[in-house]
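Only one structure is covered here, and it is reproduced in the block below.
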Amino acid sequence: MAQVSCTHCNLTFSQDVMIVEKEADKTLFFCCKGCQGVYHLLGDQGLDSFYDKLGTTTLQPAAQEVGNLEKFDLEGFKKKYITTDDEGLNKIHLIIEGIHCSACVWLNEKILHKTNGVIEASINYTNNKAKIIWDPEVVKLSELIHTIRSIGYNAYPYDPALQEERAISTRKTYYTRILVAVFGSMNIMWLAIAHYAGYFGGIEQSFKDILNVAEFILATPVLFYSGWIFYRSAYYGYKNRMINMDTLVATGASLAYIYSIYAMISQKGEVYFDSVTMIITFVLVGKYLEVLSKKHAVDTLDGLMGSTPTEVTTLKDGVKSLVSVENVIVGDIIELKPGEKVVIDGEVVWGQGSFDESSLTGENEPVYKKQGDTILSGSLCLDSVLHYKASKDVSNSMLSSIVNLLEESITKKPRIEQLANAISGRFSSTILLIALCTFAGWYFWMGSFEQALIVGISVIVIACPCALSLATPMATLVGIAQAAKRGILFKEATFLETMAKSTVLALDKTGTITEGKPSVASAQLYEGFDASLLYALINTSNHPISKGIKTYLETEYEILETRHLEAIHSIEAKGISATYDTKNLIGGNAQLLQEERVTVQSDSEHSLFFFAIDKQLVARFELSDTIKSGAAKTIQNIKNLGIKVVMLTGDHERSAQKVASAVGIDAVYAKLLPQDKARIIQDLHQAGEVVVMVGDGINDALALTSSDIAIAMGNGADVAIGVSDVVLLDERFESIEEAYRLSRRTYGAVKENLAFSLLYNTITVPLAVMGFVYPLVAAFSMSLSSLIVVGNSLRIKNLHFKDK
């Protein structure tokens, strides 16, 4: 049987063992499924020109991933790692192995975006975590994993419990490569000392040859073993028409190595094996320190879920059984023992005990819970056995919501990072072009090939797109992690940048500046008042005023009869109406009652609630609310930052002015409907202001969506939290100031990092072009620049806050 070459790798085999395929008017032969797959992948991505460049050069047959793909489509895997939205789209968070720089991120995002069925693919460079959203009707997850593997990377589901294990494995790999590099570098430097001594003092050629060979023996494993990660990344970058940081390192070290071999054999010129080992060693150590710093920054986020139980004890018909948290449904009874972490939200039905909620609120004081109280996932049972009824499933519980918010936040790239990535994407190509021009200029000017080559290598090595790529993601990751420690959740990293640029802070009154728990200060009851009817009416509302009236009635009346109301209607920012038998009930503020032609006396510095039956006023309540601790000082601190503070409230003028005066707010807008609040924010936008809005109620939702940054209190209405950009879990008013300071410090660190990266390259590259930088010094400088960016980002942790 005739011998034929594989269409992809050019290796020759007998035709009877080849995979034969017809394509238009030509016959294709493949030695394995791997080569066949890579050939079609390159064709699908428009990279057919690869084979024109390849010519008759042979390749290793393409590695074919076998097994392990089917598990990505199993039902159990889907339940654990994949979420499905209302539109039927699937979402998963993956860790991509093999990413070394922003070019790797770009390549993976591009190849995924080109895949049919992929809606979104975003990768965070600092932790290699990818968020992928796809249509399962068009493409399977196993096919996406195969696509990632086909370009030289690997992917596995993000699981915080396994992150430390994988991190240890990564560190071990770096350990061995660094040990080889350091051993080779230390020994080669001793030989280099003898070399330099001989260069200045004279040395016989035979001794020089021995030193050259010894240096060659030491440099070779350093370059090809320790430096393998640079070659691997550069290969896949070249394969996909991308020039990245690793391309620069591999090119610089390889050129120095090849020239040194030529100098050693020909006995002409000097060898630079010491520069080869130092380039690899310095950059490899720098990369390792980056890995450690990134892992340390991500630990805060992983720690939230890392120790979460995967099973809980449920009670059904008196029988206890261990059940996976994914299989618990609303209404199941769960047993909690001392020392166990709550993983699903619920309500205590039996027993009592103390809970540590510090991971949610930052408060170290234990919180006592009894029958009827709500317990939140993420809290820790300290001292008792109790039973509680699940009120949500695991995916909708507090802890999962927090983790989802954080995962979302670190995959969204700020605008300033997108700009930095665009620059760094072209940076490496520009540097190679500059190096080539430098080599040509020095060669024609000095006439020395050796000197021109060494200067060109210095230009390649000293340039650092890595520092530029790290400038934004490293700072934003540390900022988000620090905010999470303080109970402040930024839903996207982009919101750090926007909040740092804010000029106006708009505050709701009830529940934001005040505690949101108004109590009845005085009650005037008139003829026809029925406490049971009012109790039934206010029970249909969750508004703080309604809750205050409810507490008052429960305290003042021992017996409150159950009344079934009809035609219940909630009127935005005004009150409630309903019918009972033939009676029309209205409860709310003065504006609502006046619209219904009920005469009321509305002169008061307190919040007012009126109750009328058949348009006859039967009760008038004055309610006072307590201003949150530290509100006045916090508002003054925020004003000191140069931010204008305004109050937007639906309450009447006198009540609003009283609170505003107490906390130092000058601009007050009262008696506002939800659309009025949104209109005022739009007016501020037209005046060129960047507006942050803080609210907690349904009536704030429209204003929150109109603002540049929406902040919701953690105890607020679900709809307010849903439309917000930042959530304050601990409900402390001081957290607003902390969010401002953190966002400004983080954005400041980003600008510092970018300025340093650009300044570094602006200064060092011209110096290298002029021949003032030796390759060894260039490698050290490049690694040091990346570490300075990482170190500056970690300084965000030093931002001082007042203890809670």
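The values are calculated or read from the model by the stated rules, or taken from the named source; none is laboratory data. Being a predicted model, the structure only gives us computed values, none of them experimental. Cβ: placed from backbone, ideal geometry, glycine included. Neighbour counts: every protein chain shown. SASA here: full protein model, heavy atoms, side chains in, ligands and nucleic acids out. Shrake-Rupley method; radii C 1.70, N 1.55, O 1.52, S 1.80 Å.
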(request) For SER629 and ASP666, compute 0.36 nm times the residue count separating them, minus their Cα-Cα distance, and round to one decimal in nm. (result) 11.4 nm
(message) If each residue of separation counts as 0.36 nm, what is the full-extension length gain between SER391 and TYR238 once their alpha-carbon separation is subtracted?
(response) 49.7 nm
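Quick one: if the Förster radius is 60 Å, what FRET efficiency do SER532 and GLU87 give, using the C-beta to C-beta distance and rounding to 0.05?
Plugging the Cβ-Cβ distance into 1/(1 + (r/R0)^6) gives 0.85.
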(message) Modelling each spin label as a point 7 Å along the Cα-to-Cβ direction, I'd like the LEU794/GLU554 distance in nm, to one decimal.
(response) 5.1
(request) Grab the beta carbon distance between GLU605 and ASN542, set R0 = 22 Å, and tell me the FRET efficiency rounded to 0.05. (result) 0.30
(request) Among DSSP beta bridges whose residues both lie in segment 606-688, state the antiparallel percentage, nearest 5. (result) 70
(request) Would you check the accessible area of ARG744, probe 1.4 Å, heavy atoms only, in square angstrom rounded to 10? (result) 80
(request) Just need the relative contact order of segment 444-603 here, percent rounded to a whole number, with Cα pairs under 8 Å and 6+ apart. (result) 12
(request) Quote the accessible area belonging to TYR257 in square angstrom, nearest 10, computed with a 1.4 Å probe and with ligands, DNA and RNA left uncounted. (result) 20
(request) Could I have the simple spin-label model distance between LYS370 and GLU21, label points 7 Å from Cα toward Cβ, reported in nm to one decimal? (result) 7.3
(request) Arrange the peptides 623-629, 247-253 so that the one whose residues have, on average, the most other Cβ atoms within 10 Å appears first. (result) 247-253, 623-629
(message) Between ILE333 and HIS113, how high is the FRET efficiency from 1/(1 + (r/R0)^6) when r is the Cβ-Cβ distance and R₀ = 56 Å? Nearest 0.05.
(response) 0.75
(request) Place a +1 charge on the Cβ of each Lys and Arg in segment 446-553 and a -1 charge on the Cβ of each Asp and Glu, then give the dipole magnitude about the Cα centre in debye, rounded to the nearest 20. (result) 220
(message) Suppose each label sits 7 Å from its Cα in the direction of the beta carbon; what would the THR220-GLU572 distance come out to in nanometres?
(response) 7.8
(request) Take the alpha carbon atoms of segment 582-650, find their center, do the same for segment 492-510, and report the distance between the two centers in whole angstrom. (result) 26
